[in-house]
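Here is the structure we will look at, set down as structure tokens.
Readers should treat all values here as calculations from the given coordinates under stated rules, not as data from a laboratory. In this text the structure is predicted, and so the values were computed from the model without any measurement. Note that each Cβ is placed from the backbone with ideal geometry, even for glycine, and that neighbours are counted across all protein chains shown.
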Amino acid sequence: MNSFDRLLATIGLAPTFLLAPLLASSHSDAPLIKQDPQANLTDVYAFIGTKHNDAQQRVLNVIVSVRPFSDPGDGVMYERFADDALYSIHITNPSTGAAVDRYDFRFSSVTGGLKNQNTILSYGLGSEAGPIITIGDARQNFTQTYSVSRNGTQLASGLLVPPPNVGRRTTPGYNDPVTGKAISGATTEAELDSLTRQAIKDLSNGTAVWAGPREDGFYADTPGIFDLLDPRIIADKDGNPNTGGLGQDGGGIDGFKGYNVLSFGIQIPVNLLTTGPYTDVLFGTTATGVGVYASVSRPRITLRKTDGRPVDSGPWVQVNRLGNPLFNEVFVALKDKDKYNRTSPSGDAQFSTYALNPEVAKLINLVLFGDPVGDAPLPATGRTDLASIFIPDVVRVDTTTSPVRLPGQSGFSRLGVLGADTTTGNGGPRSGGWPNGRRIGDDVVDIALTALTLPIGPIDVGDNVNANDQLYNQVFPYLGTPHAGPTVSQRQGPP
């Protein structure tokens with residue numbers, strides 16, 4: 001038994017008390033949405049970059065992922081966006097959370113769009129057999145499309161969703177022809193795999209959109225945490241306990257390795273945004289920008305028939321929402337998790353007690369520091385610093401900065417300002433990453449843990465997973481190429 005386990009035994013607590021809920025950005029945040037995976041939001045990324053075809057035009061990138069733990073080899077159907085859901089990106093006032101603009105994505109039928117109904121194959125056999133080279137070609141039997149609207153006005157329809165990464169024999173454009181593994185890490189649009197590149201579409205109002213399968217860009221050691229805090233979580237690479245807290249030396253295993261998600265995203269030119277002032281929580285200065293969150297809604301009434309598709313009616317009802325990573329999952333109590341998902345950020349004052357009086361701080365005090373009542377040394381009440389991040393729960397982006405650094409670029413740090421990765425806006429310095437927006441690659445678990453412990457000075461906290469298993473792309477849609485089913489071994493892979 002190591003010293004950390006002895007401490008736990010002394011105070012009579014199981015290791016699972018420590019930070020178990022901190023390990024998924026929003027993959028399992030509330031009871032009801034857990035039953036509806038196609039509507040389950042996992043991550044919202046929002047950051048300043050440049051337009052995919054114009055390096056001189058600054059844009060707000062918003063990338064949203066749904067459908068956690070999507071198995072790349074889950075044939076025969078593979079994952080599809082729900083055809084009876086409204087997927088929305090909301091641009092808000094950064095201080096109040098009040099809605100300013102909304103972009104809605106609607107997807108076509110999951111049972112229609114077939115070229116050949118007399119086969120079990122959705123991909124590789126349509127009106128002819130063979131590899132899919134172009135989205136929607138004769139070998140892609142099932143093709144899903146989508147429409148995009150802004151504030152209720154349709155901007156485009158019939159936009160194509162690329163197929164899943166079935167493997168090098170069926171979707172060769174995604175994969176290395178020798179190893180069969182997905183190729184990712186593009187630094188230019190021309191370097192993107194052909195199927196991803198084909199799906200980027202410019203709309204009439206100057207925005208660009210994309211929707212399709214992606215690699216899950218979130219990383220954390222969930223299996224180790226939930227297995228009574230496996231020693232790999234608290235040990236350095238040499239196997240010895242890490243002094244001062246949970247380790248950050250990379251010895252953990254990413255519980256999201258090998259999994260894909262469904263993602264949709266938009267590039268909005270900065271000059272199309274309605275911005276407002278807010279206080280930057282790290283520097284205490286006035287910033288100018290927007291708030292961002294995503295939601296998924298379902299029809300109020302669904303009538304299930306014995307002889308056909310369900311029939312939907314009534315207005316849209318919001319069933320899930322997500323702004324900052326971790327808030328609903330980590331801070332909001334079980335009794336209010338589903339309520340949170342049905343409300344909007346402008347009403348988040350009702351949830352402020354969860355940020356002001358975080359239970360997770362008490363759990364750290366109990367387990368890590370051995371305080372039997374959980375009151376010290378971390379302050380567990382009056383945490384206005386956390387409330388300023390999470391209330392209202394929108395990702396705040398300073399839109400006056402230059403494009404932020406991305407993984408693979410010089411100066412990028414997964415810890416943002418904590419790793420000396422900063423940018424500058426009109427109001428002064430800003431973190432390169434969350435909570436100034438959220439980039440792909442931001443280690444939001446370690447950043448959040450550091451924020452929790454800052455009142456007592458820096459301590460070594462983290463989850464021992466410091467990087468994603470797949471390379472991110474440095475161009476829109478940024479998230480990595482989806483894994484191919486034949487090449488992955490979940491949690492221990494790709495090999």
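Results, tabulated for the structure shown:
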item	result
TYR78, TYR478 arranged by Cβ crowding within 10 Å, fewest neighbours leading	TYR78, TYR478
Within the chain, helix-based [θ] at 222 nm, where runs of 4 or more DSSP H residues each add -39,500 (n - 2.57), nearest 500	-3500 deg cm²/dmol
Ranking of HIS483, HIS52 by count of other Cβ atoms within 10 Å, fewest first	HIS52, HIS483
Proximal lysines to LYS51, defined as alpha-carbon separation beneath 17 angstrom and excluding residues fewer than eight positions away on the same chain	LYS201
Most positive-pole-ward Cα, THR422, GLY462, ALA451, against dipole of the stretch 379-494 from beta carbon charges	THR422
Spatial separation of Cα centroids for the stretch 27-98 and the stretch 118-188, in angstrom	19
Charge sum, other residues only, whose C-beta stays under 15 Å from GLY411's C-beta, Lys/Arg counted +1 and Asp/Glu -1	+2
Debye, to nearest 20: dipole size of the chain, +1 on Lys, Arg Cβ, -1 on Asp, Glu Cβ	1240
Prolate/oblate/rounded label for the stretch 58-182 (Cα gyration tensor, a/c 1.5)	prolate
Protection proxy ranking, peptides 290-299, 214-223, 27-36, average beta carbon neighbours within 10 Å, highest first	214-223, 290-299, 27-36
Highest-first arrangement of 369-378, 307-316, where packing means the average Cβ count within 10 Å	369-378, 307-316
Anchor LYS34: lysines whose Cα lies under 23 Å away (excluding residues fewer than 8 positions away in-chain)	LYS257, LYS335, LYS337, LYS339
